[in-house]
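**Q** Here you go, one structure.
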Amino acid sequence: MINIRQARAGDEIGMQHCNLTNLPENYDMKYYLYHFATWPTLSFIAENESGRLVGYVLAKLNEEDTTGRPDGHITSLSVMRSYRRLGLAERLMNQSQRAMLESYGSACVSLHVRVSNQAAFSLYKNTLKFEVDHTEEKYYADGEDAYAMKKNLEGLYPLEIDSIDF
């Protein structure tokens, strides 16, 4: 059984291991801790029945837009290869997006994905319903272009209100 929970200090070692194993863009420990301290409700991890971290989403807020509401941003998403195709990436992303909306009132969320990463692009576009906003040339350190993608969050996660009968 896989457990998904909010990321916290102490998870950065497992997150970095997952990142280094799966992705070409890597971060140092301080970057994870900065996210936890600044946006404590937005990042999530998936852990297996042994408590081993098998996936994560690292998220933050961008500056407030013209409406005065901050937009969410997915910094990094990674799932260990042997745990892929189980819906973990979708579950992690949904948790983070819901937290952006409920905790900060974010109207939309953005992310970047390598033009060559067709699996991730398909996840974002077809499963998670992100749209390509534009292409950023030479976005990555190795010179590869990125699709800048966005998704509107309004109305996706209705607030659950307890009803009380009197």
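**Q** With a 1.4 Å probe and every protein chain left in place, tell me how much accessible area ASP133 has, in Å² to the nearest 10.
**A** Rounded to the nearest 10, that gives 90 Å².
**Q** In addition: Find how many whole Å separate the alpha carbon centroid of the stretch 10-56 from the alpha carbon centroid of the stretch 104-145.
**A** 20 Å
**Q** Right, another one. Heavy-atom accessible area of PHE121 with all protein chains present, probe 1.4 Å, nearest 10 Å²?
**A** Rounded to the nearest 10, the figure is 40 Å².
**Q** About the Cα centre of the chain, what is the dipole size in debye to 20, counting +1 per Lys and Arg Cβ and -1 per Asp and Glu Cβ, all else neutral?
**A** For the chain, the charge dipole is close to 560 debye.
**Q** Kindly count the pairs of lysines across the chain whose alpha carbons are less than 16 Å apart, treating pairs on different chains or eight or more residues apart as eligible.
**A** Qualifying lysine pairs in the chain: 7.
**Q** Mind grabbing the accessible area of LYS30 for me, 1.4 Å probe, Å², rounded to tens?
**A** 150 Å²
**Q** Here's something else I'd like to know. Tell me the label-point distance for the pair THR21, LYS129, using the 7 Å Cα-to-Cβ offset, in nm and rounded to one decimal.
**A** Result: 3.2 nm between the two label points.
**Q** Measuring with a 1.4 Å probe in the full set of protein chains, what accessible area per residue, in whole Å², belongs to the stretch 72-152?
**A** Here the residues of the stretch 72-152 average 51 Å² of exposed surface.
**Q** What number results when the radius of gyration of the chain, computed over Cα atoms, is divided by 2.2 N^0.38 Å?
**A** Cα-based Rg divided by the globular estimate yields 1.05.
**Q** What is the percent carbon and sulfur in the accessible area of the chain, measuring with a 1.4 Å probe over the protein chains and ignoring ligands?
**A** Carbon and sulfur together cover 50 percent of it.
**Q** If CYS18, CYS108 are ordered by their accessible area, calculated over protein heavy atoms with a 1.4 Å probe, which sequence runs from highest to lowest?
**A** CYS108, CYS18
The values are calculated or read from the model by the stated rules, or taken from the named source; none is laboratory data. Quantities reported herein were computed from a predicted structural model and do not represent experimental measurements. Quick reminder, even Gly has a Cβ in these numbers, built from the backbone with ideal geometry, and neighbours come from all protein chains shown. Remember, those area values only see protein heavy atoms, side chains included, never the ligands or the DNA or RNA. Shrake-Rupley method; radii C 1.70, N 1.55, O 1.52, S 1.80 Å.
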